[in-house]
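Here is the structure we will look at, set down as structure tokens.
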């Protein structure tokens, strides 16, 4: 009798533990798949930027080093991996080491609310865009930690400049996102995409919010620290801001964070203004084209993923080409543009959107 009870108890615990293991696996598989896809996407952006810059400036390396210039990017990545990791002797080693990780992880979390296609979103939250704004505000803390932990006045001033720039441009960007949420009657990224699918191409928020679209693009460039707003990490200056004391893979993490932020901004432009996974066909959302059976639904999900990525990477040509064509602003010009121009414009756009929504009710 005792043996039978022990066997029953063991089988119970085995079944419970197996359920927990299976549940953990099914939880980790989507996350790991998303991280792998993001990594590949960042590598593609690095290659694209090198190819476009090579075309604009007639650079030899990215054009001819290996097939399609791939070896140039691989050589730089391998160099960063094997380069010596130096630590400042009088700096705060904990802050110095954690800072780059905070910047990367905070941006990676933003991808959890992006709908890459129909039924392709890690978590569909009712406060999706608000969560993105909140999480993206953590990245400047990592830059401040890096600058302060370096025990270098140039690094610390670079971290302060990065924080000031981020704060000044996050407010107009948030006001533009609020205007989109008002038009869609939701803060869920999936609901925002579906709200744009009713009228095809002319139902995209690009045409309903043209002022907000322009302000969003400028604010995104400043958030990603791209030219003409790359004051915190200006390569042409005597020192490179908060990155001055970094080397090796930690130095590379800052560039990974920059490209991650660039990709997430491009994806949010696609979701918020360019209709997400929907085709520019009036009254025919992509979700209704491929829902006949399971096979066609999988095919439709794949097509929607391709449409979203195609829009995002086509939009990436704007920030990449801007980097090689426009001169850099001064710090006072950068802050004046954010506080004196973009903030009033974004606030006026929000008030107009709110008034139109009240009138339509």
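Computed from the coordinates by the stated procedures, all read-outs in this text should not be read as laboratory data. Predicted model only: the values in this text are computed from it and were never measured. Cβ coordinates were reconstructed from backbone atoms using ideal geometry, including for glycine residues, and neighbour counts include every protein chain displayed.
Some observations on this one:
- Going from the residue with the fewest nearby Cβ atoms within 10 Å to the one with the most, 145, 331 rank 331, 145.
- Estimated inter-spin distance, residue 331 and residue 298, nm [label 7 Å along Cα→Cβ]: 5.6
- Values of log10 I(q)/I(0) for region 91-354 across q = 0.11, 0.14 Å⁻¹ run -0.62, -0.95, by the Debye formula with one identical scatterer at each alpha carbon and no solvent.
- Pairwise FRET efficiency - residue 119 versus residue 68, Cβ, R0 = 41 Å, nearest 0.05: 0.80
- Placing a pseudo-label 7 Å from each Cα along the Cα-to-Cβ vector at residue 27 and residue 198 gives an inter-label distance of 3.8 nm.
- Sites residue 109 and residue 351, calculated FRET efficiency, Cβ-Cβ separation with R0 45 Å, nearest 0.05: 0.90
- Ranked list, fewest to most other Cβ atoms within 10 Å of each Cβ, for 113, 359: 359, 113
- For the pair region 149-200 / region 45-124, the C-alpha centres are spaced 21 Å from each other.
- Subtracting the Cα-Cα distance of residue 310 and residue 126 from 0.36 nm times their residue separation leaves 63.6 nm of extension gain.
- Length released on extending from residue 214 to residue 57, taking residue separation times 0.36 nm less the Cα-Cα span: 53.8 nm
- Remark: spin-label model distance residue 151-residue 137 equals 3.3 nm, labels positioned 7 Å along the Cα→Cβ axis.
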